[in-house]
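Quick notes on the structure that follows.
The values are calculated or read from the model by the stated rules, or taken from the named source; none is laboratory data. From a predicted model like this one, the values you see are computed outputs, not experimental measurements. Cβ sites come from the backbone with ideal geometry, for glycine too, and all protein chains shown count toward neighbours. For the accessible areas, the whole protein counts, side chains as well, though only heavy atoms, and no ligand, DNA or RNA atoms are used. Shrake-Rupley method; radii C 1.70, N 1.55, O 1.52, S 1.80 Å.
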Amino acid sequence: MYLGISSSLEHHSPEDWAAKHKALGLDTVNFPVCCDDGEDVYMAYKKAADQVGLTIAEVGVWRNTLAADPDERKHWIDYAVRQLRMADAIGADCCVNVVGTPYGPRWDGGYRENFSRELWDMAVSMIQQIIDTAQPTHTKFCIESMPWMIPSSPDEYLRLIEDVDREMFGTHLDVVNMITTPRRYFFNDEFLMECFEKLHGTIVSCHLKDIRLKPEYTFQLQECACGEGTLNLELYAQLATAENPHMPMIIEHLTTDEEYVASVKYVRERLAIYSDHH
């Protein structure tokens, strides 16, 4: 596994950004600038990462490419195309988004219609359009697994890959996002194995975090920092490394740079056998 963080850390230049990630003992990075910042800027960040030996794991889209308003939808699909083209130019492993929804006020929110045939067909068409327009040669376009929109299970992911039917469509595996039932929670080791077994050969990048059960009724799960929950992190790292020795595993959703630094230290110590590839 190649460890990285979703924070770009406070920095004042591309070189400072790369040096700070390298100083933490990280192997890979999430890209901190977007296509709208211009080629000079994003190529400077790529060069800085290359110079210290950091791979670029992910370029994010994080926009509603299924927005209800047709003009907004077109705008964000165009942005996703440009992000994917930039990701390909800088040699990123993946360009990632969540599928989005036209069915409610929150663009990444949970709605019954998220699991409709209508949304499925819209999603397949949207993903095909982005890949076919951008025509990447290296970077895979990915939809991150999610708790309340597709793909919410490994089987759904397999169906999506089959229906999209594009070589440059890959899996972005966020296991915690799919732990949504008592069985997946209490038997997360079995669920981890199911994910890597079924999605073998398609996984491009993984998110690394933890999950815990809250004591209140009814069944409430809370995402948390690595080590504060019950996820079998050793098995996760083992399976990811077996899938790809350079698999990006990105720590995310912490609040401050200090929290990221502390989490990196904890993860590197706990998963030393997998994260220390030198």
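Among the residues of the range 1-31, what is the count of those that are more than 14 Å from the chain's Cα centre (by Cα) and either in a loop (DSSP other than H, G, I, E, B) or charged (D, E, K, R) (or both)?
Within the range 1-31, the subset more than 14 Å from the chain's Cα centre (by Cα) is 1, 8-27.
Next, from what is left, pick out any that are either in a loop (DSSP other than H, G, I, E, B) or charged (D, E, K, R) (or both): 1, 8-13, 15-16, 20, 22, 24-27.
Residues meeting the conditions: 15.
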- Message: For a quick check of your reading of the model, give me the residue pairs whose first member lies in the range 230-248 and is acidic (Asp, Glu), whose second is open to solvent by less than 40 Å² (accessible area, probe 1.4 Å) and not in a loop (DSSP other than H, G, I, E, B), with beta-carbon atoms closer than 8 Å and at least 6 apart or on different chains.
- Response: GLU243/PHE196; GLU243/ILE203
- List every residue pair whose Cβ atoms sit under 7 Å apart, with the two residues 6 or more apart in sequence or on different chains, where the first one lies in the range 71-90 and is charged (D, E, K, R) and the second, anywhere, is open to solvent by 40 Å² or more (accessible area, probe 1.4 Å). ASP88/THR137; ASP88/HIS138
- Item | Residue selected from the range 257-278 under the condition β-branched (Val, Ile, Thr) and more than 19 Å from the chain's Cα centre (by Cα), by the criterion nearest to PHE196 (Cα to Cα) | ILE273
- Message: Residues that are surrounded by fewer than 18 Cβ atoms within 10 Å (Cβ to Cβ) and among the acidic types (Asp, Glu), at least 1 per element: which helices (runs of 4 or more DSSP H) completely within the range 94-203 meet that?
- Response: 117-134, 154-164, 188-198
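Which of the following residues is touching a helix residue (DSSP H, G or I) at 6+ places or on another chain (Cβ under 6 Å) and either at pLDDT below 95 or among the hydrophobic types (A, V, I, L, M, F, W, C) (or both): ALA225, ALA262?
Details: ALA262 fails: touching a helix residue (DSSP H, G or I) at 6+ places or on another chain (Cβ under 6 Å).
Going through ALA225, ALA262 in turn, the sole match is ALA225.
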- Message: I'd like the full set of residues that are open to solvent by 30 Å² or more (accessible area, probe 1.4 Å), under 18 Å from SER275 (Cβ atoms) and either in contact with a Ser or Thr (Cβ under 7 Å, 6 or more places away or on another chain) or aliphatic (A, V, I, L, M) (or both), limited to the range 25-54.
- Response: VAL52
- Counting only residues that are touching an Asp or Glu at 6+ places or on another chain (Cβ under 7 Å) and among the small types (Gly, Ala, Ser), the range 78-99 contains a total of 1
- Item | All positions within the range 55-77 that are more than 22 Å from MET149 (Cα to Cα) and open to solvent by 70 Å² or more (accessible area, probe 1.4 Å) | ASP71
